[in-house]
Amino acid sequence: MPAAAEGHLGQTIVFWVCTAVVLGGALLTITRRNTVVAAMSLVATFFGLAAMFTLLSAQFLAAIQVLVYAGAIMTLFVFVVMVLNRDEREPWALRGIVGKALGIGALGYLTLLGGTFLLGASALLTKQGAYHTEAPKPGWGGVADVGNALFTTYLFPFEAISLLLLVAVIGAVVVARTVKHAPPASQEPPTPPAHGEH
Amino acid sequence: MGWLAILIPLVVFVVLGFVATLLFGWLIPALGGDLHSWYAALLKAAFILLGFVMPLAGVLTWMERRQSAMMQDRLGPNRANVGPVRAFGLMHFVADALKMLFKEDFVPANANKLLFALGPVMAIAPVLITFAVVPWGSGVCAGHLTDRLTDGQLAQCLDTGGGRFQVVHLEIGLLFYFAIASLAVYGATLAGWASYNKWSLLGGLRASSQMMSYEVTMGLAILGAFLVYGSLEPATIVQAQGDSILHWGVVTQPLGFVLFFTAAIAETKRTPFDIPEGESEVIGYFVEYSGMRFGMFYLAEFMEVIFTSAIVATVFFGGWQIPGLHADGFVAGQMPHWLVCTLQFVAWAVKVFVLCWFQLMIRWTMPRFRPDQLMRLGWKQLLPASLANILITAGVVLALMPGAK
C-alpha cells in the first residue's frame, strides 16, 4: 500500500531528525560553558524526546514531557541561573594531568556501558517475538487510557507519589518561610543602631 | 461612522469564511487533494495564520491606539494617507511594519548574540504553533457543498473524508496548547538575560515568575470545563456546547471562565499584568531590542491576545456555534452546506473579535499591579478559587451526569 509506505518513510525521517535533536542537545548541554545555553540545549533535548513519544503514540506522555520538564522545571533552572549569574570560567574544575586522567577514565567507562547496552539491545531485537510490530489500539497512550491506568491499576503508587510531593512542598515552605522573632520580653523600644557601625 | 466599525469586519469575515469553504470544500478536492493529508493541514495553517491571525494582529495595533484614544477623549491616529485614501488611519500598521523593517538592528556589545537572537523567536513561535488546535468551524464535507446535510451526515463525513476546520485534531487537544504555551516564557527570560542590561534582566525575572505562577491557575481553571464536556479536544468541546446558550461554558463554568480569562490575560503580560514591562520602573525585558526583533515581541503580544480570545471563545462561548443553527440551518433542510460553513466561521470570528475588543478595554481601564499584589492574587486568591471550582464541578458532574459513577 503506497500510503502506508509513505507514512513509514515520514516516520523514519521524523525519527532521525528527533534523534539528531536529542543527541545534539544532550551533547551541547554537557559541553557548553554558558549555563543558559546549556539549559536551552536541554530544553531542545526534552522537546525531541516528546516528539519521539508521539511517534510511539504516547501523546499524553509527550504533552506532559514538554509541559513539566521543558516548560516548568527548566524555566526554574533558567530562573536560578539568571539570579546567580555565575562566571563562565569554572574555578573548581580539575585541570592538568589529574583532570585529563579523570576525563579519560570517565569516557572509557561510558564507552563500556554504551557498548554493553547496544550489544544487549541488538541481541534482544534480533530475537523472535521480543517486541510488538502491530500498531497499538486506537486511544492507546491517550488521556483516557493513562487516566484509567493511574486511577485503577496504579492507584497506590500514584497516591504515594502525590503524598511525597506534598511533603516536599511543605518542606520547601518551611525552609523558605521568613522567621518571625518573638518580641523581646521587656517593653523597651528597640535601641537604634549606632552610627558608623559596619 | 460607528456602524462602519461593525460592518467592515463583518464583511471581511464573511468573505474569509466563504473563501475557506470553497478552498477546502471544492478547490482542494477538485485538484485531487486529500483533506486528511499533511499538505491540507499545512494549507489550513497558512489560511488561518496568514488570512486571519496576522492581519487581525496588525489591525489590533491600530485598534488599541484608536480605542485608547476614544476612552481618553482624544482622536488617536485617524489618518495615514496612501494617496487620497485616508482609511481611518488603518494603514498605520503598514507604516509601523515598514519602519521596523528598515530600522537599525542594534545588538548591545556584551550581549550573548545567540540567545539575543533566540529571544524574539521563542516569544513568537509558541503562539503560532498553538493555533494548530483551534477549531474555526465544524468543517466542510467535500463534494456536498450545495447539499443540505443533517448533523449526523456531517459528523460521519468529517470522520471519513471531510476537512475539519482545524489544523490538527489531537486527542490531547488543549494539553498540547498548554505544553507549547509553557515554552513562551523562554522568549521573555532569554531576551532579558541575553541583553546584558540590569533592567532587562529584572524584566525577564519578573516575566518568568509571573508566567510560571499564572500557568498553574490557567491549567486548573479550565479543568472544570474538561469535566463538564468530558473531553480535552477543542472541537469536541465546541460540539458538546450544542446549540443552546445554556450549554455554553460561560453558563456552566462561570467561575472557571473568570479565572481562566484572568490568568490568560496575565500570560499575555499586558496591563494590569504588565509588571515585566512596567515602563516607569524597569522598561521591560525587550529594552535593548530594536527594529523587527522588537517588532516580533510586539506582534507576539497581539497574537497572544487573539489566541486568548480564540481559546476563551472555544471553551466558554461555544466556538463556532450559533444558537439554533444545525448543519442544515435553523429549520431542517433550510440552508445548503456552504452557507452553514460560512456562517459558522463568521460566528467564530465575531466572537474572537469581540473578545479582543474586550481585552483592549481591560488594558486601558486598569492600573498596573505591584509585583507583591500580583503574586498574592495569583497564589492566594486565584489558585484556591480554581481548586474549589474543580471540587464543586466534579461533585456536580458526579451527581448529575448519568454513568459518571
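We did not get these values from a lab; they are worked out from the coordinates using the rules stated. Note that this is a predicted model, so its numbers are computed, not measured. Don't worry about glycine lacking a Cβ; one is built from the backbone with ideal geometry, like all the others, and counts go over all protein chains shown.
Key figures
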| read-out | value |
| --- | --- |
| DSSP H segments from chain B that extend 18 Å or more along their own axis, Cα-based, with Kyte-Doolittle mean of 0.5 or above | B:2-22, B:113-130, B:198-229, B:254-267, B:291-316, B:337-363, B:383-400 |
| Label-point separation, residue A:165 to residue A:102 (7 Å along Cα→Cβ), nm | 3.6 nm |
| Neighbour-count order for B:269, A:100, fewest beta carbons within 10 angstrom listed first | A:100, B:269 |
| Translational diffusion of the protein assembly as shown, µm² s⁻¹ [Kirkwood Rh, Cα pairs; Stokes-Einstein; 4 °C; 1.567 mPa s] | 48 µm²/s |
| Dimensionless Rg ratio for the range B:323-392, taking C-alpha atoms and the 2.2 N^0.38 Å reference | 1.85 |
| Spatial separation of Cα centroids for the range B:106-144 and the range B:269-339, in angstrom | 13 Å |
| For the range B:55-96 versus the range A:8-58, the gap between their alpha-carbon centres in whole angstrom | 44 Å |
| Largest-first principal axis extents of the Cα set of the range A:1-89 (Å) | 58, 25, 11 |
| Spin-label zone in the range B:138-170 - amide nitrogen under 16 Å from a point set 7 Å from the Cα of residue A:135 along the C-beta vector | B:159-161, B:169-170 |
| Positive-end extreme of charge dipole, chain B - chosen from B:149, B:385, B:19 (charges on Cβ) | B:385 |
| Residue B:137 long-range amide H proximity, modeled H, under 5 Å | B:165 |
| Sites residue B:22 and residue B:387 - FRET efficiency at Förster radius 56 Å, r taken between beta-carbons, to 0.05 | 0.75 |
| For the range B:47-149, the spread of Cα positions along each principal axis, largest first, Å | 63, 42, 29 |
| Cα-based radius of gyration of the range B:200-296 once divided by 2.2 N^0.38 Å, which approximates compact folds | 1.40 |
| Residue order, fewest to most surrounding Cβ atoms within 10 angstrom, among A:178, A:126, B:130 | A:178, A:126, B:130 |
| Relative contact order (percent, whole number), the range B:1-152, Cα cutoff 8 Å, 6+ residue spacing | 24 percent |
| Of A:137/B:44; B:269/B:351; A:180/B:380; A:137/B:351; B:44/B:380, those spanning more than 31 Å from alpha-carbon to alpha-carbon | A:137/B:351; B:44/B:380 |
| Cβ-based charge dipole, the range B:106-400, positive-most Cα from B:227, B:217, B:205 | B:205 |
| Dipole in debye (nearest 20) - chain B, about Cα centre, beta carbon charges: Lys, Arg +1; Asp, Glu -1 | 780 debye |
| Proxy reagent accessibility, fewest Cβ within 10 Å first, across B:148, A:33 | A:33, B:148 |
| Percentage relative contact order, chain B, counting C-alpha pairs under 8 Å, at least six apart | 23 percent |
| Isolated Cys residues of the protein assembly as shown, judged by Cβ distance under 4.7 Å to other cysteines | A:18, B:341, B:356 |
| Size-normalised alpha-carbon gyration radius of chain B, reference 2.2 N^0.38 Å | 1.02 |
| Contour excess over end-to-end distance, with Cα ends at residue B:290 and residue B:105 and 0.36 nm allotted per residue | 66.0 nm |
| Mean shadow area of the range B:259-393, taken as a quarter of the surface of its Cα convex hull (nm²) | 11.3 nm² |
| About the Cα centre, charge dipole magnitude for the range B:233-356 (Lys/Arg +1, Asp/Glu -1 at Cβ), debye | 300 debye |
| Average beta-carbon neighbours from other chains, 10 Å sphere, peptide A:63-69 | 5 |
| For residue B:172, residues with placed amide H under 5 Å, excluding near neighbours | none |
| Whole-percent pair-distance distribution, where bins are 10 Å wide, for the alpha carbons of the range B:1-102 | 13, 34, 28, 18, 7, 1 |
| Relative packing of peptides B:361-368, B:324-331 - highest average C-beta neighbours within 10 Å first | B:324-331, B:361-368 |
| Helix-only [θ]222 nm of chain B, DSSP H runs n ≥ 4, -39500 (n - 2.57) each, per residue, nearest 500 | -19000 deg cm²/dmol |
